Amino acid sequence: MALIDCASWKPKSNEFVFSYRYPQTNLSTYTQLIVYESQEALLFSKGQLMGKFGPGKHTLDTENLPLLRNLFGIPFGGKNPFTAEVWIVNKLYPANLSWSVKSMAVHDPDYQTMLPLQASGQYGLNVTDSEKFLIKMVGTKDVFTESDMLSQAYGEFSSKSKSAIIQFMTNQRVGFKSVSAHLDALSEYIKSTLLPFWQEYGLTMNKFYVNDISIDRSTAEGKKISEALASQASMSITGHSWQQEQMFGVANNAVGQMGNASGGNGLLAGIMAINMMGGGGMGGGMSSGLMQTHNNQPTFGPQGNMGMQQGGMQQNNVQMGVKEIYCANCSKKHLTTERFCPHCGSEYNPCPKCGSDNPKNARRCVSCGTSLQAGGMMTTCRSCGAPLTPGAAFCPQCGSQQNVSPTGNCCPRCGASVPPTSRFCPKCGQKM
């Protein structure tokens, strides 16, 4: 075979190429090796590295390659042939390499359940040790591209990335709702975890970005959770509850079925369905569900099952009339026996009819519409939280005796005894 006079390489692929092996191996001491900027050439012969060449034009003679005399017995001068592999490594810095991982089961602190997440982003790598890179990563491939890089390192890269993401979200108690605000910190954390992995192969990761973290919809469970979260967001925006959405669905079905049965008289069927939901007959159970506020949203239990945190449907914390309500200030749950919210410290302002918490300046209950003016306000029992009429000496629910003074006034809010000369309740500050 003819001897090669000149060896060089210019990448022409649309995909980023990390290394290229020159196809011919018949070289001579007159062969010219041209190495372009951001490249490094390495010569291997008989399993040994003969030399490295940076950017420029080089002659492969015994002065540049002293090993030629030891391996082939080539003397000085003359056009002496020898066999060697020419590898050219691309040392450019691509910063737009894509990565993605799926099927990450993360225990979310916001929803208190396991969420299947997926993440994606970009990163940048460049070769810093060409010899280590060719030996440990490239092997016998003639051309090593971006796809080869991702395929070669995907297993360990994916495992380390998943572990880093889960550790960050768990240790920092970052939930799915707020993880988008921590992408910079998460990116740096993952980058510091992956740096030793790439250095082992002669590479350096200069950039790493997490662009998106979302619910993994590739499984049936992921689709259900994604739809549930979307439904919850929709209900929070529109102000209706999960029960209302279900009831309206029942009403629509009833309208359709009754309209077909009555020869298309949909208007009459709709009126009947609405009356059934709000009035007698079925109204007792269904109208109460329709009158709930948007705070009664579906939540996920410890095992990922959806359940309703409504006092009438879940009785886990209801004992002797005590139930859970939502704070009007922070929307977190606390018991009706607690005068102040344990989460934000806001004072409990109960509705005299349903017990829901209301803002201080509310005129009517946000849940049932009952008047909250001073003349219509009622206090609650200290033992069971049941509503009391002003001046009641005993609770009609549990029979507990209330603090009522026969000579003084009774606070309409807390039921405490107020001296006749006082303008404000000494216990809760209610204006008399």
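Cut-off is 10 Å between beta-carbons; in what order do Arg173, Arg69, Arg413, Arg423 appear when sorted fewest neighbours first? Provide the component values of the computation, followed by the final result.
Working: Arg173 10, Arg69 13, Arg413 22, Arg423 7.
Ranked by crowding around the Cβ, least crowded first: Arg423, Arg173, Arg69, Arg413.
Counting only Cα, what are the radius of gyration and maximum Cα-Cα distance Dmax of region 69-178, in Å?
When restricted to Cα atoms, region 69-178 yields Rg and Dmax of 22.7, 78 Å.
For Tyr36, Tyr348, what ranking results if the residue with the fewest other Cβ atoms within 10 Å of its Cβ goes first?
Fewest-to-most Cβ neighbours within 10 Å comes out as Tyr36, Tyr348.
Counting other Cβ atoms within 10 Å, keep those with at most 12, restrict to DSSP loop, and tell me which GluC sites (Glu not before Pro) in region 1-86 are left. Before the final figure, lay out each step's value.
Numbers: sites: Glu15, Glu37, Glu40, Glu63, Glu85; in loops: Glu15, Glu37, Glu63.
Answer by residue number: Glu15, Glu37, Glu63.
Of Thr421, Thr170, how do they rank once you tally other Cβ atoms within 10 Å and put the fewest first? Working shown, then result.
Values: Thr421 7, Thr170 13.
By the 10 Å Cβ count, ascending, the order reads Thr421, Thr170.
When only DSSP loop residues count, what GluC sites (Glu not before Pro) in region 165-233 have their Cβ near at most 14 other Cβ atoms within 10 Å? Could the numbers behind the result be given before it?
Values: sites: Glu188, Glu200, Glu221, Glu227; in loops: Glu200.
Hits after loop and neighbour filter: Glu200.
Read-outs throughout are calculated quantities, based only on the coordinates presented, and are distinct from any laboratory measurement. If you're wondering where the values come from, they're calculated on a predicted model, not measured in any experiment. A quick note on method: Cβ atoms are made from the backbone with ideal geometry, for glycine too, and the neighbour counts reach across all protein chains shown.
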